[in-house]
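First up is the structure itself, then whatever we jot down about it.
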Amino acid sequence: MKEIWRWILWVLVIAGLVGLVFQIIEPVSNVIFLKLHGNTVIRDKATAKDVQFAIHNFISEYNDFPNLAGKPLEADIELEVAGELLDCLLGDKVAGNSREITFLNINTARQGRAGVLETAEKRILVDQWGQAFRVRLDGDHDGNVTNPDTQNADKDIRQSGSEWLRTQVAVYSLGRDGEPFTEDDITSWRG
Ligand SMILES: [Ca+2]
Ligand SMILES: [Ca+2]
């Protein structure tokens with residue numbers, strides 16, 4: 001009988017130790033994950049800001065948005081950062097970039113890293129998960145674009161922002177889930 005109690009005691013001690021190890025491992029692994037994941041999110045956010053800055057600089061230089069499809073913009077518009085828009089930011093003589101100025105310096109996309117993806121049809125600026133960055137442009141020149149956060153599935157985000165963003169350029173990526181208007185979207189306007 002004594003033997004049984006000893007075994008039970010051992011089992012309890014081992015279970016306690018295993019629990020303790022997991023209690024230590026879990027926060028440590030969370031910190032490591034957050035560090036890795038957090039850094040890549042910061043990089044994508046920096047890319048969104050770089051695009052916003054590049055388009056602002058284009059506007060300063062040429063006193064208007066890029067001429068997409070050969071025409072000046074007349075209404076607010078949402079686009080992928082791709083094709084003619086991206087080519088012009090990268091310094092090609094298209095979309096009104098007559099002086100071939102490089103407004104955006106960015107690396108080629110690699111696994112798990114934002115950058116320029118070359119496809120057969122066009123170049124696309126993708127986030128670390130391979131989805132195109134998107135941009136809203138103030139084509140009607142009233143100084144505002146609609147705030148994508150008003151469509152966000154997350155109630156706190158949806159309710160935290162105003163209907164309009166006071167900017168000519170708002171850039172975002174779809175985030176880890178690859179879906180627009182969810183909590184993990186990476187934006188140029190949220191802190
Ligand atoms: Ca507008
Ligand atoms: Ca998302």
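None of the figures in this text is laboratory data; all of them are computed from the coordinates on show. Just so you know, these numbers come straight off a predicted model, no measurement behind them. Cβ: placed from backbone, ideal geometry, glycine included. Neighbour counts: every protein chain shown.
Hey, which lysines would be in cross-link range of Lys49, C-alpha to C-alpha under 24 Å, not counting anything within fewer than 8 residues on its own chain?
Lys35, Lys93, Lys122
Sequence gap at least 6, Cα distance under 8 Å: using those rules, report the relative contact order of the stretch 47-130 to the nearest whole percent.
23 percent
How high is the relative contact order of the chain? Use alpha-carbon pairs under 8 Å, at least six apart in sequence, and give a whole percent.
Normalised by residue count, the contact order of the chain is 18 percent.
What length, rounded to one decimal in nm, is gained on full extension from Trp10 through to Asp142, with 0.36 nm per residue of separation minus their alpha-carbon distance?
Gain in length upon complete extension: 40.2 nm.
Relative to the first principal axis of the alpha-carbon coordinates of the chain, what is the inclination of helix 2-62, with its axis defined by its Cα atoms, in degrees from 0 to 90 and to the nearest 10?
The helix 2-62 is inclined about 10 degrees to the chain.
Using 1/(1 + (r/R0)^6) with R0 = 45 angstrom and r between the beta carbons of Lys155 and Ala120, what's the FRET efficiency to the nearest 0.05?
Between Lys155 and Ala120 the formula returns 0.65.
Quick one: of the DSSP bridges fully inside the stretch 2-187, what percent are antiparallel, nearest 5?
Expressed as a percentage, antiparallel bridges in the stretch 2-187 total about 95.
Would you mind calculating the gained length between Val18 and Asn57 on full extension (0.36 nm times residue separation, minus the Cα-Cα distance), in nm to one decimal?
Full extension of this stretch gives 8.3 nm more.
Based solely on its DSSP helices, what 222 nm [θ] is calculated for the chain when runs of n ≥ 4 H residues each add -39,500 (n - 2.57) and the sum is averaged over all residues, nearest 500 deg cm²/dmol?
Using -39500 (n - 2.57) per qualifying helix, the result is -13500 deg cm²/dmol.
Sort 162-169, 123-130 for me by packing, meaning the mean count of neighbouring Cβ atoms within 10 Å per residue, highest on top.
Highest mean packing first, the order is 123-130, 162-169.
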